[in-house]
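Working notes for the structure below.
The values are calculated or read from the model by the stated rules, or taken from the named source; none is laboratory data. Values in this document were obtained by computation on a predicted structure and should not be read as measured data. Backbone-built Cβ (ideal geometry, glycine too); neighbour counts: all protein chains shown. SASA here: full protein model, heavy atoms, side chains in, ligands and nucleic acids out. Shrake-Rupley method; radii C 1.70, N 1.55, O 1.52, S 1.80 Å.
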Protein chains: 4
Amino acid sequence: MRAVVKPGPGPGLEMREVPAPRPGRGEVLLQVKAASICGTDLHIRNWDPWAAARISPPLVVGHEMCGLVVGHGEGVTGPPLGTLVSVESHVVCGTCVLCRTGKGHLCPQTKILGVHRDGVFAELVAVPEVNCWPDPPGMALSIASLQENFGNAVHTAATPAVAGRKVLVTGCGPVGVMAIAAARALGARSVLASDISDYRLEMARAMGAEAVFNPSRQDLEAEVMAATDGDGVDVLLEMSGVPSAIEQGFRLLHPGGEAALLGLFSRPVTFDFDNCIVFKGATVYGIVGRRLWATWYQMRAMLRSQAVDLSPVVTHRLALEDFDAAFDLMASGACGKVVMFPDPADADGPLTRPTR
Amino acid sequence: MRAVVKPGPGPGLEMREVPAPRPGRGEVLLQVKAASICGTDLHIRNWDPWAAARISPPLVVGHEMCGLVVGHGEGVTGPPLGTLVSVESHVVCGTCVLCRTGKGHLCPQTKILGVHRDGVFAELVAVPEVNCWPDPPGMALSIASLQENFGNAVHTAATPAVAGRKVLVTGCGPVGVMAIAAARALGARSVLASDISDYRLEMARAMGAEAVFNPSRQDLEAEVMAATDGDGVDVLLEMSGVPSAIEQGFRLLHPGGEAALLGLFSRPVTFDFDNCIVFKGATVYGIVGRRLWATWYQMRAMLRSQAVDLSPVVTHRLALEDFDAAFDLMASGACGKVVMFPDPADADGPLTRPTR
Amino acid sequence: MRAVVKPGPGPGLEMREVPAPRPGRGEVLLQVKAASICGTDLHIRNWDPWAAARISPPLVVGHEMCGLVVGHGEGVTGPPLGTLVSVESHVVCGTCVLCRTGKGHLCPQTKILGVHRDGVFAELVAVPEVNCWPDPPGMALSIASLQENFGNAVHTAATPAVAGRKVLVTGCGPVGVMAIAAARALGARSVLASDISDYRLEMARAMGAEAVFNPSRQDLEAEVMAATDGDGVDVLLEMSGVPSAIEQGFRLLHPGGEAALLGLFSRPVTFDFDNCIVFKGATVYGIVGRRLWATWYQMRAMLRSQAVDLSPVVTHRLALEDFDAAFDLMASGACGKVVMFPDPADADGPLTRPTR
Amino acid sequence: MRAVVKPGPGPGLEMREVPAPRPGRGEVLLQVKAASICGTDLHIRNWDPWAAARISPPLVVGHEMCGLVVGHGEGVTGPPLGTLVSVESHVVCGTCVLCRTGKGHLCPQTKILGVHRDGVFAELVAVPEVNCWPDPPGMALSIASLQENFGNAVHTAATPAVAGRKVLVTGCGPVGVMAIAAARALGARSVLASDISDYRLEMARAMGAEAVFNPSRQDLEAEVMAATDGDGVDVLLEMSGVPSAIEQGFRLLHPGGEAALLGLFSRPVTFDFDNCIVFKGATVYGIVGRRLWATWYQMRAMLRSQAVDLSPVVTHRLALEDFDAAFDLMASGACGKVVMFPDPADADGPLTRPTR
C-alpha cells in the first residue's frame, strides 16, 4: 500500500510503498477514507527535538482519521465490516491505576498512532478494536476525521465550568476555534478570543466568538477588560503555547476563576504564581488527549444535537498524494483543518490542487 | 491601651500607648487574651516591599487572636459579653459576586486586620460581629488564637481530594505541619514532608508525617520515589514558597495528581508547564485565606472530634510586652507557633522569658 | 395603599386598603410595578391544609415581583432610589451554618414574602436590601417579575449535569417549561417533556422541548423509550408533584442517571426504591428555592446572553384590581405566567380584561 | 471437585461433586482459599422471589472469595500462578457507555458469580483475569475474602461527603459495620448507628461507632437528636432495607444533607418525598456493587494505611463442608462475617464446629 513515511532521522516525509498491515488479536484493519493534519505532524516532518526524542523511523505518520472496517483480527467482536469509524489515536494499557479509574488519557504506557506505532496517512491501518468509534450514517468524512482533534477541544472546554461564564480562548488554531464552539454549546455566557492571525480570528468568529482581539496590534488586557465591564473573564482556555498569552490570560482571570491549559510551551516559562494563581484562588487544569471515553460521548452529543457545526473548520481538502502541499498549507497558518483523502474521489468538498 | 505599632515607614515595631478602639455599628470590642505571630507579621516588621506597598502607618499590627467580647457596637445581636471568640482576620464586603457565591475569601474589597486596619497585638480590638467565631468552653487560649492560621492549613489540605491518597507537603513551618495533621484527619493514606530545618521536620513527624526529608542533604526526588514504590505522590501541598520545592514537588506528582499552592514566592518562577501540568493532566489550586465559613466548620469538626491535636504546634508563649523577642524567635525558624499574652497570667503553658 | 389580603382563616382573598409599610433597618421600600402568581398563591387562596398550617391572617399575599426603590430604611447603602429591582422572596437569617456555607436556601429561619410576612400583591412592600436584585435597563417588567420563579427552574435544571444529556421534564407548568429552556441553555442534548394539558405541551415546545407527550392519551414510557433509541433519559426533572409521574420518570431513567425533584406531592408516595434508585445507582436532588445567590447569577447569564427567552411564558397580563380573575385563570391551567400590574398603564403587553 | 450447588428450583443447597471449571480465554483458574457468605446467598438458599427470578439451576453459588491463581486461560497476561487474589464478583461487558465512562458497576450486562454464572463456594472457580485483585503478602485469608463486601461499604461511605460530618448508619450487619469503619477512615466527625440486634450494635461500637441505638426499645429520633445537639445528622447511610429505618433516617437528616442507600426493601415503600427530600434539599445516592475500580483502590488505601481494621468483623470460620451450619449462623444474625474454607487447614483463626 502507499503511505506517508518518515524514512529516517531528519526533516522531511516521503510517500512510499509499504507492506499492508495485518490486524493482530483484538485489532481491526481500516481502509483510511480521510485523514487530517495536526500540529504534531508538523513537528515530526520538521524533526524538531520533541520529534527526535520520540520517533523511531521508519514510521508511517498521522493520527487523525476515519475509515471503513475491512478486516477483523482474532477475537474481534466489534464493529462489523463496512462500518465507518473514527479513531482514538491513544492506545492505552487498560490495566494501570489511571486506566482503571477514569484517567486512561494519562496512561504512562500510551502508544500514539503515527508517533509510537504506524499511523494513518496511508491506505490501510490496523488499530485496536477498542479504539474505534462508529460514526453515524451520513457523517461527512472530513468531520469524522477531525473528531479526534475536536476531542482535545471538548476536553479542554468541558473541564472548567463554563456554563454562564465569560470565557477567553488564547490561540485560535483549529483546536482553539473548536473549543470556542464547544464552550458555547456548554452554555458559556460569552466567548472572547485572541490570536495574532487575522485569518484565524475570522474563523474564531465563525465558530461563535463574541469578540476577537489581535495582540499584535491591540492591547489585549485593555480590550478584554473593556469587553467585560472591568471584570475580566471567569475561564481561560489556553490553546496557544505562547508565554505572553498565558501571563496575559491569567492577569485577565477573575478571582476564583479557572484555567485549562492545552497549549505546549516547549520550554520553561517565567510565571508569577503569587498573583496569577495563589492570591487569585485560581484553579488550573492540564489537558492532554481525550477522556476515555467520556469526551467521545460528549462530542457525539454536541454533534448529533447540532449544538456544534464543525464544517467551517474544514478549510482545505487534498489528495493524500499531495501531502507535502497539505503540510505546507498547515505550516502557513492560513487554514483551518486540512483533510487528506487517499482516494480523491472521496473528498466531501472541492479539492485544493497544489501549485507545484 | 498598650499596643504593638508600626510607627512609620521603615523596619521595626514598638509598643505604645494608643487610644482604645470603639466598636462601630455591627462591631464588637474584644479584650485580646492570646495572639499568635504569622509570617506576614515578620514581613511587616522588616518593612519589605510587600509590606511597604500595603501598610499605611501608624498601624496596630497582628491578626491571629482569641479574646473575650467586652463591648457591643450598635445593632450587634451576636456573641454575648464574656464569650471567648476566635477571629477571622479577613473583613469582606459581603455583597460582591464572590462574597455572594461562596468565594468570600477572594473578595477584592478584603480588609485584613493588622494590614489594612488596626490589628490584634494590643489589649483591645474592634472587629465586625460576623468575624467572631465562638470557641467551645475549655479550649486552650493558645489553640483558640492560632485557629485562623490552622484555617489556612485546613483550606489547603481540604481542597484537593486527599482521602486514600499519598500526599507530599513541601515546607514544614507551622501552617505546613498543621496541613499534615489536617490531611491525615481527612483520610490521607500517607503524608510525606520536606523542609530544610530538622527542627521543623521533627514537628512534622509529631503532627503525623510518615516520613520526612531534608533536601539540604537528601535527594528529595529519589527519596520520595523510593518511599512510594516509584509512584510519586497523588497530592502536593506546597507551603514553602521556594522555587525549587514547587518544581520538585510537581516532578514527584503522579499523572492526574492535584496540587494546592499556599506558599508565596515573592517573585516570578521559571516553571516547566508542559511536563509539570499539561502532560500530567494535573489540577492546581491557588489557596488564600479560609473559605467563609466552610473552613471554620471543618476546623471545628477536626478539633471537637479530636482528629487533630494542635498542641504540639505551640512551642513558645511570651508576654505581649516581649513582642520583640517573640518576633526574633519566629524569625529564627526554631519554633512552631509563638503565642503572646497581653496578660502573662493568661498563658496556658510555661512562659519563655527573653534573654535581653 | 391597596393590597390583596387573606383576611382570615378560610378560602378567598380580598382587595383592601391597608397601611403602607415602612422599611425597617436594612430594608428598602418598593413600589410594585409587576407581580406574578405562583402555585403557592393558589394554595393560599384555597386555604388548603398546607396554607392553613402556615399562614396567620390578615396577610398581604404574593411573592413574585419587580418594583422601583422608593424608600431606604436606616443603614441601607444599596440600590439607589429609582432602581428597578426584582426580589428574592426568601428572607434568610444569614448566620446559621446553612446560610454560612452556601446553602442559605435551606435556612430553617426562612421567612417567605406573602407566606410568613406581608407580600407583594400590593402597591408597596418593604423588603431587606439584600433581597433586591437590580435589573438591567430595558428589562420587561413581566420578565423582571417572574425571575424569582425562573430561579426555581434554573436551580432545578442546573443541579444535575445536563450538558450533553437527554433530559425528561415531567410537568409543564410555567416552572416546568422554564426548566426546559434552562436545560437547553446549559447544553442538554435533547429535552423531552410530559404533561396532561395540551396547552402546556404547546408551551413546552415553544420553550425548546424536542418532543412532548400527553400521558392522558399516550404511553409515556413507550414513547420516551422510542424517542431515545431504548436508552431512556439521563436526567429527570420532576416538576409535576404527581405520583405516577415520579414512578414513570424513574423507570425511564438510565442507570447512573440523575433526578431533580421540585414538584410537591402533598402526601406520601408509594415508591420502589430498589429498582428506581438503588439498583440504578441513581442520584436524586431535592430542590427548593434558589441558591443564594448563585442561581441569580446563573439567571442573569442566561438572560443577558439571550440563551433563554422567557417571553413566551408570559401569556396573560391583568390589572392587580382584577386579581380574582387572574387567580381563576391560573387555576384553570390554560395559561403560562399570569402577571398583574398595580398600575395597568405599566403593562408591557395587551391586558386581559376579565369577563364578569 | 466439590462445590455447594443449588440443584434445582426450590429451597436448599447441597454439596456435590461437579466437573472442575476450565478457564476460557482471558480467564484464570483459582483455587478457592476462603469464601464468605453474603445476604444474597441466603436469598438463594431460601429461593425467595428475587432468587427465583434470577437463578437458573444447577448453579454453584457464592461470590465472595480469595484464592490462588492455579491456571491461565488463553491470552492471560495477568497475575502469575501462585498469586493470592481477591475477586470482584461483577463480570461486566467493558464496552457499554456505562463501562466506558466510569460507571461499570451499573453495566446492564453484568453477570454476577454465584448468581448468573458458577460461583465460588467450591474448590475451584474460573473468573476473568480483569476481575482479580492481587492481595498484598501476608493478608489474612478471611480479610482477603470479604474485601468484595467491604467494597460495598466503602462505596456507600465514600459517595456522600462524610469528612467532618455527623453520620448515621441504619443497619449494622457486616456491611453496615464496615461502613462505620470506612466513614471514620474518611474523616467523619462522628458516626451513630442503629440496629435491632444488640449483638450487632456491639460490633458497631467495635468498628468505631460513637453511639449506638436499638430502635426496638429506644426512641431513635429522640436519641439521635439528643446526641447531635438537636441538629440531626449530615449524612445517612441506609444499610438495613427496613422501611421504618429509611423514614426515620431521613427525618433525622439535616437540611442539605446527603443519604446513600444500599439496603434493599424488596417491595415498594410509602415515603414522604416533600418533607424528606424536597424541602430538605437532600441529595440521595443509590449504591450497588463497587466502583470499578476506584472503590478497590480506596479499599487498598484504607487497609494498607491501617485506617481500617476488619478483623473484628470476622466472627466465625467454618469448613466449606459445614456450609449448612454456616448459612444457619448467617441467618441467625448473631454473627459478623462467616468465612468458609475448602481446606479447613487454611483457616486463619479457630474453626467453629457445627453441632449436628
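Inspect the stretch B:131-147 for any residue being away from every other protein chain (no Cβ under 14 Å), open to solvent by less than 10 Å² (accessible area, probe 1.4 Å) and hydroxyl-bearing (Ser, Thr, Tyr) and give the result as yes or no.
yes
Quickly run through the stretch C:129-146 and pick out the residues that are under 16 Å from C:Asp309 (Cα atoms) and assigned to a helix (DSSP H, G or I).
The answer is C:Leu141, C:Ser142, C:Ile143, C:Ala144, C:Ser145, C:Leu146.
Checking D:Leu30 against (1) more than 19 Å from D:Phe323 (Cβ to Cβ); (2) over 19 Å from the mean Cα position of the chain (by Cα), which single condition isn't satisfied?
(1)
Has the stretch B:78-88 got at least one residue that is surrounded by fewer than 23 Cβ atoms within 10 Å (Cβ to Cβ), facing another protein chain (nearest Cβ under 10 Å), touching a helix residue (DSSP H, G or I) at 6+ places or on another chain (Cβ under 9 Å) and free of Cβ contacts under 8 Å to residues at least 12 places away in the same chain?
For the stretch B:78-88, residues surrounded by fewer than 23 Cβ atoms within 10 Å (Cβ to Cβ), facing another protein chain (nearest Cβ under 10 Å), touching a helix residue (DSSP H, G or I) at 6+ places or on another chain (Cβ under 9 Å) and free of Cβ contacts under 8 Å to residues at least 12 places away in the same chain: absent.
Residues to consider are A:Leu320, A:Leu329, A:Leu351; find the one that is out of contact with any His (no Cβ under 8 Å at 6 or more places or on another chain) and assigned by TED's automatic domain parsing to the domain that holds A:Leu141.
A:Leu320
Looking at C:Val233, C:Val191, which is the one that is within 14 Å of chain A (Cβ to nearest Cβ), of a type outside the set (Gly, Ala, Ser), more than 15 Å from C:Ile287 (Cα to Cα) and free of Cβ contacts under 8 Å to residues at least 60 places away in the same chain?
None of the other options fit; the residue is C:Val191.
In this structure, is C:Gly75 farther than 26 Å from C:Asp343 by Cβ, without any contact (Cβ under 8 Å) to a residue 60 or more places away in the chain, more than 15 Å from the chain's Cα centre (by Cα) and in the same structural domain as C:Asp324 (by TED's automatic domain parsing)?
So C:Gly75 passes the test.
Just checking, how many residues over the stretch A:320-342 are crowded, with 23+ Cβ neighbours inside 10 Å and either without any contact (Cβ under 8 Å) to a residue 60 or more places away in the chain or outside any helix (DSSP H, G or I) (or both)?
7
For A:His105, all conditions in the list (1) more than 23 Å from A:Ala325 (Cα to Cα); (2) away from chain B (no Cβ under 14 Å) hold save one; what is the number of the exception?
Answer for A:His105: the failing condition is (2).
Hey, B:Arg317 hits all of (1) open to solvent by less than 30 Å² (accessible area, probe 1.4 Å); (2) within 21 Å of the chain's Cα centre (by Cα) but one; which does it fall short on?
(1)
Of everything in the stretch C:149-164, what is open to solvent by 10 Å² or more (accessible area, probe 1.4 Å) and out of contact with any helix residue (DSSP H, G or I) (no Cβ under 7 Å at 6 or more places or on another chain)? Give them in sequence order.
Selection gives C:Thr159, C:Ala161, C:Ala163.
Does the stretch A:343-353 contain any residue that is crowded, with 21+ Cβ neighbours inside 10 Å, among the charged types (D, E, K, R) and touching a Ser or Thr at 6+ places or on another chain (Cβ under 7 Å)?
No, the stretch A:343-353 contains no residue that is crowded, with 21+ Cβ neighbours inside 10 Å, among the charged types (D, E, K, R) and touching a Ser or Thr at 6+ places or on another chain (Cβ under 7 Å).
Where residues in the stretch A:108-127 are outside any loop (DSSP other than H, G, I, E, B) and surrounded by fewer than 22 Cβ atoms within 10 Å (Cβ to Cβ), which of them is nearest to the other protein chains (Cβ to nearest Cβ)?
A:Ile112
This table checks each residue for (1) without any contact (Cβ under 8 Å) to a residue 12 or more places away in the chain; (2) among the polar types (S, T, N, Q); (3) within 15 Å of B:Val288 (Cβ to Cβ).
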site	(1), (2), (3)
A:Leu253	no, no, yes
A:Gly257	no, no, yes
A:Phe265	no, no, no
A:Pro268	yes, no, no
A:Ile277	no, no, yes
A:Gly281	no, no, yes
A:Val284	no, no, yes
A:Arg291	no, no, no
A:Ala294	no, no, no
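Looking at C:Val60, C:Val28, C:Val92, which is the one that is in contact (Cβ under 8 Å) with a residue 60 or more places away in the chain, open to solvent by 40 Å² or more (accessible area, probe 1.4 Å) and touching a Gly at 6+ places or on another chain (Cβ under 8 Å)? Walk me through how you get there before you give the answer.
Numbers: C:Val60 fails: open to solvent by 40 Å² or more (accessible area, probe 1.4 Å); C:Val28 fails: open to solvent by 40 Å² or more (accessible area, probe 1.4 Å).
Result: C:Val92 is the single residue among C:Val60, C:Val28, C:Val92 that is in contact (Cβ under 8 Å) with a residue 60 or more places away in the chain, open to solvent by 40 Å² or more (accessible area, probe 1.4 Å) and touching a Gly at 6+ places or on another chain (Cβ under 8 Å).
Out of the stretch D:285-314, which residues are among the small types (Gly, Ala, Ser), within 14 Å of chain B (Cβ to nearest Cβ) and open to solvent by less than 30 Å² (accessible area, probe 1.4 Å)?
Filtering the stretch D:285-314 down to residues among the small types (Gly, Ala, Ser) leaves D:286, D:289, D:294, D:301, D:305, D:307, D:311.
Pick out the ones that are also within 14 Å of chain B (Cβ to nearest Cβ) and you get D:294, D:301, D:305, D:307.
If the condition is that a residue be among the small types (Gly, Ala, Ser), within 14 Å of chain B (Cβ to nearest Cβ) and open to solvent by less than 30 Å² (accessible area, probe 1.4 Å), then D:Ala294, D:Ala301 are the ones that fit.
Please give the number of the condition A:Arg184 fails out of (1) open to solvent by less than 10 Å² (accessible area, probe 1.4 Å); (2) outside the structural domain of A:Val69 (by TED's automatic domain parsing); (3) outside any strand (DSSP E or B); (4) out of contact with any Asp or Glu (no Cβ under 7 Å at 6 or more places or on another chain).
(1)
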